[in-house]
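A short write-up of the structure that comes next.
The values are calculated or read from the model by the stated rules, or taken from the named source; none is laboratory data. Just so it is clear, the model here is predicted, and its values are computed rather than measured. All Cβ positions, even for glycine, are placed from backbone atoms using ideal geometry, and neighbour counts span all protein chains on display.
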Amino acid sequence: MSKRNTFIIYLLFFSVILWFKSDIVCFANEPVIVVIDPGHGGENLGAQYEKYTEKELNMIVAKYMKEELEKYENIIVYLTHTDDVDMSLKDRAEFAKEKNADFLFCLHFNASVHQNLFGTEVWIPSKGELYAKGYQFAEIQMQQMQDLGLYSRGIKTKLNDNGQDYYGILRQCSKLDVPSVLIEHCHLDHDMDKPFYQKGDAQLMELGKRDATAAAKYFGLKSDELNIDYSNYEKVPVIAPDGIVKPDKTEPEISQIEMLSLDNSTGEITVKMNAFDNDSYILYYMYSFDGGKTYSDLQKWPRPVWNQSFPDHTFKVTVPFDQEIDFVACAYNGFDVWKESNHIQIDAISSPQNEESIPTAKVIYEEISYEPLNDYEISGFFDSEKNLLLLAVSIISMIIIIILCVMVSMIIKLQKSNKQMKKK
């Protein structure tokens, strides 16, 4: 083989290697682009409770989330707005599209009409790949909030009368094919959630850091500054649905109670409640002494993970003395649709002699031990889009190298054959 042919072969070989390496490097160095949207702003105050205004809290958490995310490598972070201004939902979505965002995170705090709901939740788009990406991130976000101590209300979709996403930011982002979620950190107007935001700036910083951690895990980022590497973080695999994922508007299938014991000296009863919802999970329960005319506050239903609830729960309640009791309970599912149980009639319990006061009804939680349930199968390497792309590039490169080697081999054989023919 001539020196010229040898040079050509080496040149082709190293060209392929350089192309392969440069392609990987370019892909690996391609930055993740994140847009954080502080909900509300300007004249749109959001929820207001006592001295707290939602738009102000949203901005504080958003800035802390941005600050924390920028400690990671290979990421660019934007805020849709940094000042207290009015900004339409369409403009926020278009801002993310213009930045070629890989994700938009819309940050909020919650409040309920009757000030009876508590917990954290994530709203996601209802269709296709945007649903799958939203759900996959929300799983990580939900774990971050639960680790902080917040009660999980779940990962949900909500539709308007036209069958589209109810929340405008999700609807507008979906039109532009921008992955998005709406995070409701907690309820401003409930005692169960107040400890997570009312004790000062440090708590809002913690929320922002946990939002950032969820995003970092989702994108597989690493940070030398934080000494953290999530590049091998395994996300829960989520299959994109064929149609629209609708919220569960049906009541739980089962809501039943049984009185296990009654202590006449104290008025304490032990109640076993069975509750089940096939389409979602049991979220809360509440009880009544007067047949459902008035109810207790909502109580936590035991759940090992956010979307799996125990089928039964035993609790103790102290009932009032000197009155007939018509005891009934209600089970709430993950979408706040409730079902009333059967009724238990309890004859009036005479108050103890010299009793100065009637006992106040309250729930006493029993200690519940359980192992976290996990029905998910993690497929590891093949769950990462980057890893799949790298694998495809590797295979294509190897095919090209093999083809070149075959071509070179044929050229060499042809040259040898021509030399032999000339000798003859």
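Here are some notes:
- Test result for residue 262, over 38 Å from the mean Cα position of the chain (by Cα) and either surrounded by 20 or more Cβ atoms within 10 Å (Cβ to Cβ) or part of a strand (DSSP E or B) (or both): yes
- Matching residues in the stretch 221-253 - criterion: being within 19 Å of residue 31 (Cβ to Cβ), assigned to a loop (DSSP other than H, G, I, E, B) and in contact with a Lys or Arg (Cβ under 7 Å, 6 or more places away or on another chain): 225, 226, 230, 231, 233
- Qualifying residue in the stretch 317-326 (condition: assigned to a strand (DSSP E or B), at pLDDT 95 or above, within 29 Å of the chain's Cα centre (by Cα) and surrounded by 15 or more Cβ atoms within 10 Å (Cβ to Cβ)): no
- Considering the stretch 30-76, and only residues there that are in a strand (DSSP E or B) and more than 23 Å from the chain's Cα centre (by Cα), the residue that is surrounded by the most Cβ atoms within 10 Å (Cβ to Cβ) turns out to be 41.
- Contacts under 9 angstrom Cβ, first residue in the stretch 34-49 being touching a residue at least 40 places away in the same chain (Cβ under 8 Å) and closer than 25 Å to residue 194 by Cβ, partner surrounded by fewer than 13 Cβ atoms within 10 Å (Cβ to Cβ) and of a type in the set (D, E, K, R), 6 or more apart: 41/83; 41/86; 44/86
- Condition check for residue 202 on (1) part of a helix (DSSP H, G or I); (2) more than 22 Å from the chain's Cα centre (by Cα); (3) among the aliphatic types (A, V, I, L, M); (4) surrounded by 15 or more Cβ atoms within 10 Å (Cβ to Cβ): one failure, at (4).
- The set of residues in the stretch 129-154 that are touching a Gly at 6+ places or on another chain (Cβ under 8 Å) and not charged (D, E, K, R) comprises 142, 150, 151, 152, 154.
- Exactly one residue out of 76, 140 is assigned by TED's automatic domain parsing to the domain that holds residue 178, in contact (Cβ under 8 Å) with a residue 40 or more places away in the chain and out of contact with any strand residue (DSSP E or B) (no Cβ under 6 Å at 6 or more places or on another chain), and it is 140.
- Long-range neighbours under 6 Å by Cβ, at least six apart or interchain, first residue under 14 Å from residue 35 (Cα atoms) and in contact (Cβ under 8 Å) with a residue 12 or more places away in the chain within the stretch 159-179, second aliphatic (A, V, I, L, M) and assigned to a loop (DSSP other than H, G, I, E, B): 178/101
- On inspection, residue 294 fails the criterion of being more than 30 Å from residue 217 (Cα to Cα), touching a strand residue (DSSP E or B) at 6+ places or on another chain (Cβ under 9 Å), in a strand (DSSP E or B) and among the β-branched types (Val, Ile, Thr).
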